[in-house]
1. Here is a check on your reading of the model: is B:I199 in contact with a Gly (Cβ under 9 Å, 6 or more places away or on another chain), surrounded by 24 or more Cβ atoms within 10 Å (Cβ to Cβ) and assigned by TED's automatic domain parsing to the domain that holds B:L393?
2. Could you please find all residues in the stretch A:73-93 being closer than 24 Å to A:L51 by Cα and more than 7 Å from chain B (Cβ to nearest Cβ)?
3. Can you name the helices (runs of 4 or more DSSP H) wholly within the stretch B:175-265 that have at least 2 residues being within 14 Å of chain A (Cβ to nearest Cβ) and in contact (Cβ under 8 Å) with a residue 24 or more places away in the chain?
4. I'd like the full set of residues that are of a type in the set (V, I, T) and within 24 Å of the chain's Cα centre (by Cα), limited to the stretch A:180-218.
5. Return yes or no: is B:A328 surrounded by fewer than 19 Cβ atoms within 10 Å (Cβ to Cβ) and in contact (Cβ under 8 Å) with a residue 60 or more places away in the chain?
6. How about the stretch B:290-304: which of its residues are surrounded by fewer than 16 Cβ atoms within 10 Å (Cβ to Cβ) and within 21 Å of B:A235 (Cβ to Cβ)?
7. Which one is farthest from B:L267 (Cα to Cα) among residues in the stretch A:90-109 that are assigned to a helix (DSSP H, G or I) and free of Cβ contacts under 8 Å to residues at least 12 places away in the same chain?
8. Among the residues in the stretch B:64-77, are any away from chain A (no Cβ under 13 Å) and modelled with pLDDT under 85?
Amino acid sequence: MDYFLELFVSGLTRGSIYALIALGYTMVYGILGLINFAHGEIYMIGAFTGLIAATLLSWTGLPPLAVLLLAAAAAAAWAAAWGLAIERAAYRPLRGAPRLAPLISAIGMSILLQNFVLIAQTSDFVSFPALIPEIPWLAPFAAVIGSAEVVILLVTAAAMLGLTLFVRGTRTGRAMRAVAQDRTMALLCGVDVDRVIGVTFAVGSALAALGGVLIGSHVGQINFAIGFLAGIKAFTAAVLGGIGSIPGAVLGGFILGWTESFAAGYISSAYEDAFAFCLLVAILIVRPSGILGRSDAGRA
Amino acid sequence: MSDDFVRSPPPGENRNPGSGRLFAEAWNSCLTAALFALLLFPLVAVRVDAIERTIAWRWGNLGWIAAAVFAISLAWRLRRRENVNRSTPSQPSPLDGEENGFREQGSALRYTGSPALEGRGWGAGGDATKPPLSPRSPRAAWLSTAIGLCAERPTVRHGAIVIGVAFALIMPLISSTYQVNVLTSALIAVILGLGLNIIVGLAGMLNLGYAAFTAVGAYAYALLNLHFHLGFWAALPAAGLVAAGFGLALGFPVLRLRGDYLAIVTLGFGEIVRLVLENWSALTNGPSGIANVPRPGLFGMELGLRGATIYLYFISFALAAGAATAVARLKNSRIGRAWVALREDETAAETMGIDRTRTKLAALALGAFFAGVAGVLFAARTTFVNPASFTFLESAMVLATVVLGGPGSVGGVVAAALVLVLLPEYLRPFAQYRMLVFGAALVLMMVLRARRALANHPGRPAQ
């Protein structure tokens, strides 16, 4: 039973990180109909920025939790700027171009960013300091749930709650939903579509960077290539839950996390990644609109 | 930042920017460079070691990048200003994004430099003549028009092919073994590009897992040789057929998917194949791969390393030439036209009696067959196969070949494959920056010429 619970918790942790990244995919797809291939690289850049910020901050002698939060904030801010810059450079000029064009541009951007970090930083794995402090009252449950996992779950939950409130409650959030429903109509009603798209990219990128910092601190090492696999898996989560749907992305993230965790624990850990891809292929073939997605014939 | 991109200059503005204007542009470029520097600051200027707690500052790099951004930005602004001044400024359509309005306007203007030549140059050229990347000066426009004009004439085109073939046949005899190896990999890239061209260019199915078919071909050869001692020539068609079988296996379930969903499924398929090769150690020997794959023999003769390399080069050349001919002939055949018809409009094509399933499966199987053959050549060239040779990046490279060459065009794809393999090879000193430049080139290619490159490509516009 303990083994089951352990797998359950590790799946939950993993799933919440996938969900954080998947939110960016799903929001951008909902608004632009574009698979932002470079999103995984934003996550990677977020992790690197967080590492740099955390190391710089650790000289100030702040408590670890404060360092973690400040580093995460810095990573989110920079990742948001990266998201805006990428949208401006690689996607905005291609609005209205044939559908293949932005996808290839996104692939190019992904390769560009990976190699940029490879050159600017390093090709080796870099160790990431364990920023998440031990929580004393969790010690009896250490076999099942670690304090890092608790912090990850709490931060993720807070981020998702914040995002939901933002999309539901604010003017910009309403504009985002309007643009997702009908871009031309939103434009006619006076919504500044370019700004809304920019905000979407910034918010999605910030969430991905948050995921990057959390996972870096949890796993303990990062390198320039972590974005590709995480990006594909998060995309799987987004599609699984129904792309374009925010609760769907979260649900998809958890399902994917549990699938991987249980499959690795009970079947074989060698094929851990293959399970995710098989799940992706299976969903797209059986139910392309996902669990919570609207069924939309034109999309499939 | 977005402000200065959308500002439309007043009509009749001075053609040569005065010093005040120049200063304003320089100031804007300064701001752009500063923003860039801020964006790049953590990754470029700082390198940390969290365990040793050391921090290395590298301000120099940041300075160079900021200076480069400033120069490029200033050049871009001045050029755009010049373009705008020469044409009559008109308000761009609000739905299109103002920046595009300017760009279209700018390039449209360029072409009017030689209106008489233009129509014949690349207006009606179709696939045979590709429009140049982006003609910048009247002379460049004239030059590319002239090239386009020449390429139109069959005699010139045939002459070019003859010269190319003669060159390709003499090259290996006068260059080093290493060079011949490089040329062979270029020819393999040509075959791959042509194969993917059938799937993406003609049939319009975006495939991001093409390297999986190559992997299947390469492993088929290596395994058939290892277990059954099958020679190169027996394995060549066998591996091609196995790959084609994989193409069909992938095709059946994904036929009803389109556009980006199809792309992602093929990407997943490619990764699954690679992961299986990596983990099924009993069959594939895992990540360490299979070594000692033989080169092709010539009637049992001992060729030596150089001889075998040249021999493989000629085989690759013959196969690439065969592939090019096959695709060129297929393009205007019954099935080729069916592919194009399906690509343009599925419903209409089916109404005209085209069997969608069979036609699409044929494209996938044929494209996969080409990849399988290329995989055998690859295995024979390196005498070694491992899963790391068939990553997503390889698929992206082949896709870049097709996109750069112009989907559906045979000559373009051949040229693009040669450029994409040979150029990085001869830029070895800059090896570090190779992939960086490649990624940037993909983005630039799309941003600068997406409308032309993919003009008759499938799919609705991205909303």
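The values are calculated or read from the model by the stated rules, or taken from the named source; none is laboratory data. Given the structure is predicted, the values throughout are model-derived calculations rather than measurements. So basically every Cβ, Gly included, is an ideal-geometry build from the backbone, and we count neighbours across all protein chains shown.
1. So B:I199 passes the test.
2. Just the residues of the stretch A:73-93 that are closer than 24 Å to A:L51 by Cα, to begin with: A:73-86.
A:A73, A:A74, A:A75, A:A76, A:A77, A:A79, A:A80, A:G83, A:L84, A:I86, listed by residue number.
3. B:210-228, B:232-254
4. A:V193, A:V196, A:I197, A:V199, A:T200, A:V203, A:V213, A:I215
5. So B:A328 passes the test.
6. B:A291, B:N292, B:G297, B:L298, B:F299, B:G300, B:M301, B:E302, B:L303
7. So the residue we want is A:P93.
8. Within the stretch B:64-77, one or more residues are away from chain A (no Cβ under 13 Å) and modelled with pLDDT under 85.
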